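Here the structure comes first, spelled out in C-alpha cells, and everything after it is commentary.
The values are calculated or read from the model by the stated rules, or taken from the named source; none is laboratory data. Here the structure is a predicted model, which is why all the values come from computation and not from measurement. Note that each Cβ is placed from the backbone with ideal geometry, even for glycine, and that neighbours are counted across all protein chains shown.
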Amino acid sequence: MAGTDHQRLQERQRALIEAGIALSSERSLDTLLQRLVETAAALTGARYAALGVLDLTGAVLERFVTHGIGDETHEQIGLLPRGRGILGVLIREATPLRIPDLMADPRAVGFPPNHPPMHSFLGVPILLRGVAYGNLYLTEKEDAVEFTDEDEEVATLFASQAAVAIENARLYESTTRWLRQLESLNEVSTALVGEFELPRLLGIVSRRLRELLGARVVCVALPDPDGTLRIAASDGMDLDGLRLPRISKSARILDRRRSERVDSVIDDAEVDQEFARIFGARAQLWVPLLVRERAIGVVLAIDKAGPDPRFVEDDLRLAESFAQRASVAVDLSERVARDALRRVVAAQELERRRLARELHDETGQALTSILLGLKALDDVGDPAAVAVAVADLRELVVATLQDVRRLAVELRPKALDDFGLVPALRHLAESFSDQTRIAVDVEALLPEERLAPEIETAVYRIVQEALTNVVKHARARNVSILLSRKNGSVSVMIEDDGQGFDPAQGRADGLGLLGMRERAALLGGTLSIESSDGAGTTLVVDVPLP
C-alpha cells in the first residue's frame with residue numbers, strides 16, 4: 001500500500017511539473033485560465049473546477065471560468081457568481097478551505113436554480129506577489145467522499161505555478177494590448193486630422209473606438225438647440241438619427257462634463273430604461289467630447305463583447321484618451337464647415353450685388369429710357385420722326401432683352417441642364433466672343449456619357465470665371481479651352497494670349513482665383529496657374545471622378 005501511495009505521489013508530482021511547464025508557455029490569458037481549471041480538475045480528481053478572478057477592489061469576482069458544466073447548464077444557471085457564500089469566505093480569508101459536504105455547511109448559500117448538486121469542496125487562493133488574483137474552486141471528488149490533505153497540497157502547489165503563469169500572460173497581453181491601442185490611436189489621429197466632413201469624421205470615431213474597446217455598439221451623440229441629443233454616428237447597430245431626451249443619462253453626462261461607466265444599466269436610476277431596451281444595453285460607458293471645457297457631444301459605448309458586458313477602468317481611460325483627440329478633430333471640422341458656409345454666403349452676396357448693380361445700371365436705365373421714349377412719342381407730330389423713335393425703342397428693347405437673358409444664363413445656364421457640359425461651354429464661348437470680340441476655341445476630348453452634375457457645374461463656373469478674368473485683366477485676343485479625361489480625373493486647361501501677370505505678386509482674390517480654387521477643392525480637385533508678364537496665362541484644373 002505504501003509503495004502504491006508513493007507511486008501515486010510521484011505521478012502527481014510529475015504531472016504537476018509537466019503542467020507547470022505547459023502553462024508557462026501559454027501567452028493567451030483566456031486560454032491559460034481555461035487550461036488551469038482543466039488541469040486542476042485532472043490533478044485532484046475533481047468533477048467540477050472553476051477559477052474566479054477578482055476585480056480591482058479584491059472583493060468581487062469579475063470573471064468566472066468553469067470546467068465540467070455544459071453550455072446548456074450554464075444557460076439555465078444564468079449570471080455567473082459574484083463572490084457570495086463559500087466563494088466569499090475564500091475571497092475574504094485567502095487561505096485554503098476544505099469542506100466535506102457543502103450542503104451541510106451553513107455558509108454555503110446563493111446557489112441559483114438548476115445548479116448541479118455539489119458536496120465535497122476544495123478551494124485555494126491564487127496569489128500574485130502576495131496579492132490575491134483569484135481563487136481555484138474544486139468540487140465533487142470522483143474517487144472519494146472528500147478531498148484529502150494530499151489534494152490540498154497539490155492544489156496549493158499548482159496555484160503557485162498558476163500565479164506565475166497568469167502574471168506572465170497578463171504582462172504579455174497588457175504589453176501587446178497597449179501596443180495595439182497605441183498603434184490604433186496614432187492611426188486614428190492621422191485619419192482625424194485629414195478628415196473635415198463631420199459625418200465621415202464621426203463615423204471614424206464610432207468605428208475605431210468600438211474596435212479599440214471591443215464594444216458591441218458605440219455611438220456619438222451631438223446636442224441640438226432644443227436640449228435633446230441626436231445620434232449622429234453609430235457602429236455595431238444602426239442608430240443614426242435617434243434622439244435622446246433632455247432627461248437622458250447622456251444629456252446629464254454632457255451637462256456634468258464628466259465620464260462615467262455603469263456595470264448594470266437596469267440598476268442606474270438616471271438611465272432611461274426605454275432607450276436601454278432599444279439598445280439592448282446591460283452595461284454602458286459615457287465620455288463627453290470637450291473642447292476648452294465646452295461640451296460639444298458625448299460618446300456612448302454599449303456592452304463589452306463577450307459573456308461579461310461590463311467595462312473596466314482601462315476601457316474608460318482609453319475612451320477618454322481617444323475622446324480628447326476626437327474632440328479637437330470634431331471642433332476643427334465644425335469650424336471648417338462654418339468658415340466654408342461664411343465663404344459661400346459671402347460669395348452669394350457678392351454675386352447678388354453684381355446682379356443688382358447690372359440690373360440697376362443697365363437694365364433699369366434701359367427700361368427708364370424706353371418709358372421716356374414712349375412719353376416723347378406723344379409730343380411728336382411728324383410720322384417720319386415717330387418711325388425713327390419707334391425703331392430706336394425697338395433696338396433698345398432688344399438690347400434689354402439680351403441683357404436679361406445674359407443675366408439668366410449667368411445665374412443658371414439652361415444648356416448645362418439640358419445638354420451637358422460641352423454644349424454649355426460652346427454656347428458660353430459663342431456668347432462671350434459675340435460680346436467681347438475675343439476668339440474662344442473649345443476642344444473636348446471627353447467620352448459621350450455625361451459627368452456627375454456637381455462636376456459639370458463646378459467646371460462650368462470655373463471656366464465662366466476665367467473668361468470674366470480675361471475680359472477684365474488679360475487684354476487677350478484669343479482663348480483656348482481644352483477638356484480631357486485622364487487617370488480617373490477631368491482636366492480643364494484654359495489659355496489666353498494676354499498680358500499675363502506674376503502669380504506671386506497678383507491679387508488672387510481680386511482675380512477670382514480664390515473662388516475657383518475653392519470650387520475645385522470642394523470636389524477634391526486642384527487648380528494651378530502658369531503666367532508671367534507679357535506671356536499670357538494658363539489655368540489647369542483637375543477634378544477627380546467619383
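Quickly run through segment 382-416 and pick out the residues that are at pLDDT 75 or above and either under 48 Å from the mean Cα position of the chain (by Cα) or closer than 18 Å to Thr468 by Cβ (or both).
Leu416
Could you list all residues from segment 215-263 that are among the polar types (S, T, N, Q) and touching a residue at least 24 places away in the same chain (Cβ under 8 Å)?
Answer for segment 215-263, where residues must be among the polar types (S, T, N, Q) and touching a residue at least 24 places away in the same chain (Cβ under 8 Å): Ser234, Ser248, Ser250, Ser259.
Going residue by residue through segment 466-489, is there one that turns out to be surrounded by 14 or more Cβ atoms within 10 Å (Cβ to Cβ), of a type in the set (Ser, Thr, Tyr) and within 35 Å of the chain's Cα centre (by Cα)?
yes
If I go through segment 516-546 residue by residue, how many of them are assigned to a loop (DSSP other than H, G, I, E, B) and either of a type in the set (D, E, K, R) or surrounded by fewer than 16 Cβ atoms within 10 Å (Cβ to Cβ) (or both)?
7
If you go through segment 104-126, how many residues are farther than 18 Å from Gly68 by Cα, at pLDDT 85 or above and of a type in the set (A, V, I, L, M)? Spell out the reasoning first.
Filtering segment 104-126 down to residues farther than 18 Å from Gly68 by Cα leaves 104-110, 124-126.
Those still in the list that are at pLDDT 85 or above too: 124-126.
If we keep only those that are of a type in the set (A, V, I, L, M) too, we end up with 124, 126.
Residues that pass the stated criteria total 2.
What pairs come out if I take residues in segment 317-333 that are touching a residue at least 12 places away in the same chain (Cβ under 8 Å) and pair them with residues that are among the small types (Gly, Ala, Ser) and in a helix (DSSP H, G or I) whose C-beta lies under 7 Å away, six or more apart or interchain?
Once the first residue is touching a residue at least 12 places away in the same chain (Cβ under 8 Å) and sits in segment 317-333, its partners that are among the small types (Gly, Ala, Ser) and in a helix (DSSP H, G or I) give Arg325/Ser189.
Cβ-Cβ under 9 Å, sequence separation 6+ or interchain: first residue in segment 493-515 and surrounded by 16 or more Cβ atoms within 10 Å (Cβ to Cβ), partner among the charged types (D, E, K, R) and at pLDDT below 75. Which pairs?
Leu513/Arg507; Gly515/Arg343; Gly515/Asp509
Out of everything in segment 446-477 that is at pLDDT below 90 and not in a helix (DSSP H, G or I), what residue ends up being nearest to Ser532 (Cα to Cα)?
Here the residue is Arg475.
Mind checking which residues of segment 158-169 are touching a helix residue (DSSP H, G or I) at 6+ places or on another chain (Cβ under 6 Å) and farther than 21 Å from Ala49 by Cα?
none
What strands (runs of 3 or more DSSP E) completely inside segment 259-305 contain at least 1 residues that are out of contact with any strand residue (DSSP E or B) (no Cβ under 7 Å at 6 or more places or on another chain), assigned by TED's automatic domain parsing to the domain that holds Ala326 and closer than 15 Å to Val220 by Cα?
Strands (runs of 3 or more DSSP E) meeting the threshold: 284-291.
Return the pairs, sorted by first residue and then second, in which the second residue is hydroxyl-bearing (Ser, Thr, Tyr), the first residue lies in segment 49-65 and is modelled with pLDDT under 85, the beta carbons are less than 9 Å apart, and the residues are 6+ apart or on different chains.
Pairs that qualify, where the first residue is modelled with pLDDT under 85 and the partner is hydroxyl-bearing (Ser, Thr, Tyr), are Gly52/Tyr137; Val53/Tyr133; Leu54/Tyr133.
Suppose we filter segment 255-291 for residues that are among the hydrophobic types (A, V, I, L, M, F, W, C), over 17 Å from Phe322 (Cα atoms) and either surrounded by 14 or more Cβ atoms within 10 Å (Cβ to Cβ) or in contact with a Phe, Trp or Tyr (Cβ under 7 Å, 6 or more places away or on another chain) (or both); how many remain?
Of all residues in segment 255-291, those among the hydrophobic types (A, V, I, L, M, F, W, C) come to 262, 265-266, 269, 271, 275-276, 278-279, 281, 283, 285-287, 289-291.
Filter once more, so that each one left must be over 17 Å from Phe322 (Cα atoms): 262, 265-266, 269, 271, 275-276, 278-279, 281, 283.
So of that shortlist, the ones also either surrounded by 14 or more Cβ atoms within 10 Å (Cβ to Cβ) or in contact with a Phe, Trp or Tyr (Cβ under 7 Å, 6 or more places away or on another chain) (or both) come out as 262, 265, 271, 275-276, 279, 281, 283.
Of the residues in segment 255-291, 8 are among the hydrophobic types (A, V, I, L, M, F, W, C), over 17 Å from Phe322 (Cα atoms) and either surrounded by 14 or more Cβ atoms within 10 Å (Cβ to Cβ) or in contact with a Phe, Trp or Tyr (Cβ under 7 Å, 6 or more places away or on another chain) (or both).
Among the residues of segment 303-333, which ones are more than 20 Å from Phe64 (Cα to Cα), surrounded by fewer than 19 Cβ atoms within 10 Å (Cβ to Cβ), of a type outside the set (D, E, K, R) and at pLDDT 85 or above?
Within segment 303-333, just Leu316 meets the criteria.
Would you pick out the residues in segment 137-160 that are in a loop (DSSP other than H, G, I, E, B) and closer than 15 Å to Ala41 by Cβ?
Glu142, Asp143, Ala144, Phe147
In this structure, does Arg294 turn out to be at pLDDT 90 or above and over 19 Å from the mean Cα position of the chain (by Cα)?
Numbers: at pLDDT 90 or above: no; over 19 Å from the mean Cα position of the chain (by Cα): yes.
Considered against the rule, which asks whether it is at pLDDT 90 or above and over 19 Å from the mean Cα position of the chain (by Cα), Arg294 comes out as no.
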